[in-house]
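To start, the structure under review is shown below, and the notes come after it.
The values are calculated or read from the model by the stated rules, or taken from the named source; none is laboratory data. All of these numbers come straight from a predicted model, not from anything done at the bench. For neighbour counting, all protein chains shown are included, and Cβ atoms are generated from backbone atoms with ideal geometry for every residue, glycine included.
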Amino acid sequence: VNLSVPVHLGERSYEVRIGAFSPDDIVDAIAGALDPATTGVAVLVDAGLAARSPKVGALLAALAARLPRVERLDLPAGEASKTLTEMGHTVEWLAKQPFDRRAAVIGVGGGATTDHAGFAAAIYLRGIPFALVPTTLLAMVDASVGGKTGVDLSAGKNLVGAFHQPRAVVADVGFLETLPDRERIAGLAEVVKCGFIADPGLLDLLERTGPALSLDEHVEIITRAVRVKADVVASDEREGGRRAILNFGHTVGHALEAASGYELLHGEAVALGMVAALELGAARGIGSRALADRARALLQRLGLPVDFERRLVQQVWAALAVDKKRRGQTIRFVFCPRPGETAFDEIAPSEIARYLPRPTAA
Ligand SMILES: NC(=O)c1ccc[n+]([C@@H]2O[C@H](COP(=O)([O-])OP(=O)(O)OC[C@H]3O[C@@H](n4cnc5c(N)ncnc54)[C@H](O)[C@@H]3O)[C@@H](O)[C@H]2O)c1
Ligand SMILES: [Zn+2]
């Protein structure tokens with residue numbers, strides 16, 4: 001079954017379609033969402049995906065058969081595309097074609113590609129429309145939805161960017177067939193996050209299936225996770241308040257990700273961060289031991305890490321002290337008192353460090 005989740009943002013509203021699609025289905029959804037007077041289409045493709053997935057060629061052919069002036073640019077695989085240098089290369093390329101302000105960008109790849117494509121569309125000629133075809137589980141459930149776009153600086157990740165909403169998002173689970181399992185499982189961590197903050201049924205479902213999900217089960221979990229993100233984004237497009245619940249597990253997660261030198265994948269770090277948040281909550285009476293134990297068991301069953309090495313503790317402590325969400329001496333931390341509920345509290349970085357997941361013997 002193919003499903004669709006609306007993102008309600010007034011005149012910037014759009015649909016996220018989730019299913020097993022033919023190339024023509026994907027093109028229909030995108031073409032239907034673009035202006036009929038579109039003058040050209042710049043397709044930005046993750047080179048790693050292009051090397052592994054036969055679906056990329058088929059999609060490009062279907063786009064070219066249906067839309068005007070389809071040109072393709074391959075981006076360096078993954079995070080390597082999220083630099084100002086690569087952004088400069090992309091916008092120079094757009095100008096050289098040339099694409100005018102009625103052209104559109106289509107990003108095809110993981111979250112790095114969707115962030116890059118969205119940001120290129122946000123800044124080229126002060127903003128042109130774009131659509132996304134996310135090809136990793138993380139990009140399908142998280143990065144492609146909500147309009148945050150941008151690139152990294154050497155001082156940190158995602159420090160330059162813009163809010164720019166796509167016209168359409170098409171998540172074709174067929175792309176998951178070539179995705180390395182470690183990447184897919186990392187994406188499951190964000191689905192678990194959505195379960196804890198808003199849709200406890202997702203936890204029950206993943207406890208039943210474990211990591212080996214059918215395509216239909218993938219469609220279901222992606223749809224439910226996108227619904228959670230879409231609802232939050234619709235109520236707080238620019239992260240004034242409620243959108244911050246999406247940071248559950250991310251305060252410690254981001255710190256761990258950086259402390260590991262990005263050896264931990266984002267989702268793996270978020271798994272550890274969620275355990276830390278639930279343990280900290282239990283210790284402060286905003287949650288329970290049982291809930292922290294449930295998270296550990298589920299994340300472990302999915303193949304995600306729940307314990308980390310002692311060597312990271314000090315580095316995480318240092319990283320938390322410079323967390324960009326820090327306010328004065330405290331951090332606004334997201335807790336989960338009960339499955340499907342969130343609560344905020346201001347807490348000191350030193351206190352977070354005390355409740356980091358149990359270090360393993362190594
Ligand atoms: N904008 C947002 O709201 C938001 C939210 C979450 C994450 N992000 C961003 O997303 C990025 C992480 O995204 P990601 O986890 O998708 O990683 P990624 O984009 O780096 O992709 C991971 C790897 O998978 C490869 N790949 C992609 N699709 C594939 C497929 N179908 N088959 C085989 N290989 C494939 C890529 O070449 C890459 O090597 C980070 O930059 C993060 O900041 C953004
Ligand atoms: Zn995340």
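Things to note:
- Test for residue 10: is it out of contact with any helix residue (DSSP H, G or I) (no Cβ under 6 Å at 6 or more places or on another chain) and within 21 Å of residue 62 (Cα to Cα): no
- Unique match (being of a type in the set (Asp, Glu), crowded, with 16+ Cβ neighbours inside 10 Å and closer than 25 Å to residue 54 by Cβ) among 220, 183, 190: 183
- As for the stretch 304-312, it holds at least one residue that is assigned to a loop (DSSP other than H, G, I, E, B), charged (D, E, K, R) and modelled with pLDDT under 70.
- Within the stretch 83-110, residues that are on the phi > 0 side of the Ramachandran plot sit with their Cβ atoms under 6 Å from residues that are part of a helix (DSSP H, G or I) and surrounded by 12 or more Cβ atoms within 10 Å (Cβ to Cβ), at 6+ positions apart or across chains, in these pairs: 109/49.
- Scope the stretch 80-119; condition closer than 24 Å to residue 57 by Cβ, in contact with a helix residue (DSSP H, G or I) (Cβ under 8 Å, 6 or more places away or on another chain) and not aliphatic (A, V, I, L, M); matching residues: 81, 86, 90, 99, 107, 109, 110, 111, 113, 114, 115, 116
- Test result for residue 101, in contact with a Phe, Trp or Tyr (Cβ under 6 Å, 6 or more places away or on another chain), among the charged types (D, E, K, R) and at pLDDT 95 or above: no
- Check on residue 203, within 14 Å of the chain's Cα centre (by Cα) and either buried (at least 22 other Cβ atoms within 10 Å of the Cβ) or more than 16 Å from ligand 1 (Cβ to nearest atom) (or both): no
- Pick from the stretch 3-61, criterion more than 20 Å from the chain's Cα centre (by Cα) and polar (S, T, N, Q), ranking: surrounded by the most Cβ atoms within 10 Å (Cβ to Cβ): 53
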